[in-house]
Amino acid sequence: MLKYVLKRVGQTILTAFLAVATVFVLLRMAPGDPAANYAPPNPSSEQLEAIRQQFGLDQPVPVQFWTFLQHLFQGDVGTSFFFKRPALDVVLERLPYTITLAVAAIIVTSAVAIPLGVWMARRSNTAPELGANIGTIAGQSMPDFWIGFVLLILFAVNLHWFAPSGFDSAASIILPTVTIAILQIALISRLVRREMVVNLASPYLTVARSRGVSERALTWRYAFSNAALPVVTALGTRFAAMLNGVVIVEVVFNWPGVGELVVNALKQRDFPLIQATVLVTVLLALVVQLIVDLLYPLMDPRVRLGEASS
């Protein structure tokens, strides 16, 4: 166990390093001058050059990257050009909003998708199951920004049940959560249905049924317990993706999370802020994946950690 955890921690650090390095280089290859966004209106060439020297942007990219690594090992990822504050502090201020939205969305997804997928599997090849399948395909096909706009127009503009954007109360999380969850429910419920159909047709269920085991126990204790591993994997992957920032949904609802922050940072070419966002979200997503891997042997003792990771 310890050896596996240490190996995964090493992989996490390497992956985060490669992600940040890639973003670091790509940002500096992109057209435009970040100094212009930091300078006052109508800056002179001398002012722009002074800003480049202040932030080391006049140095070659390898020199900039080496300086960045030196500061990173000291816990400093740079000062945001726009906020004029430590970039890491800005990201950590926004991170709880993204985590809250991701947790709410994954809870709603699990609470709806798992029972729906089991229900569809129990009624496989029937008219109700066909209708549910059509609904999940529709949910999987609709873009999340379109769903967000529809929910905004219906429940915020027309019915005035919720605030149209921002975060001013607990109710503000409902519309963005539902927007995210619709697509996830469609994906996860279809996965649950597929896994449950296979397990419900397995011979061991026929044997258990002949012994008088109830249908409820057959469904949840036997079939679903064997179908749970891929479902947990999918939920963990989707949750990790949400932690990286549900960019479009956060922009549509003006949600003050990491996704909305990184969009504005890209517009302003705020290099330190983008790099800090990538570093924090990648590490968080990799930690979630590690936790999911560690849950495997607890859910199924036949699974070894080495096999789970592969």
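Listing for the model above:
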read-out: Global form of the stretch 142-295, assessed from the alpha-carbon gyration tensor, a/c cut-off 1.5; value: oblate
read-out: Cα gyration tensor shape of the stretch 237-281, rounded if a/c is under 1.5, else prolate or oblate by comparing a/b with b/c; value: oblate
read-out: Kyte-Doolittle mean at least 0.5, axial Cα span of 18 Å or more - DSSP H helices of the chain; value: 2-29, 87-122, 174-200, 225-243, 271-299
read-out: Shape call, the stretch 62-119: gyration tensor on alpha carbons, a/c limit 1.5; value: prolate
read-out: Cα-only Debye scattering, the stretch 24-107: base-10 log of I(q)/I(0) at q = 0.13 Å⁻¹; value: -0.56
read-out: For the chain, the fraction of alpha-carbon pairs in successive 20 Å shells from zero, as %; value: 27, 48, 22, 3, 0
read-out: Alpha-carbon centroids, the stretch 86-128 and the stretch 132-159: separation in whole Å; value: 16 Å
read-out: Average projection area in nm² (convex hull over Cα atoms of the stretch 1-155, one quarter of hull surface); value: 16.4 nm²
read-out: Cβ crowding within 10 Å averaged over residues, with 201-212, 133-144 ranked highest first; value: 133-144, 201-212
read-out: Relative contact order, percent, the chain [alpha-carbon distance under 8 Å, six or more residues apart]; value: 27 percent
read-out: Order by protection proxy (mean Cβ within 10 Å, highest first), peptides 262-275, 89-102; value: 262-275, 89-102
read-out: Share of pairwise Cα separations in the stretch 220-298, more than 16 Å, in percent; value: 60 percent
read-out: Protection-proxy order for peptides 14-20, 281-287, each taking the mean of Cβ atoms within 10 Å per residue, highest first; value: 281-287, 14-20
read-out: Full-extension gain in nm, T237 to L159, via 0.36 nm per residue minus C-alpha separation; value: 24.6 nm
read-out: Most mobile listed residue (G236, G56, G75) in the chain, GNM with C-alpha springs under 10 Å; value: G75
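Quick note: the coordinates plus some simple rules give every number you see, no bench work behind them. These figures come from a predicted structure and were not determined experimentally. A quick note on method: Cβ atoms are made from the backbone with ideal geometry, for glycine too, and the neighbour counts reach across all protein chains shown.
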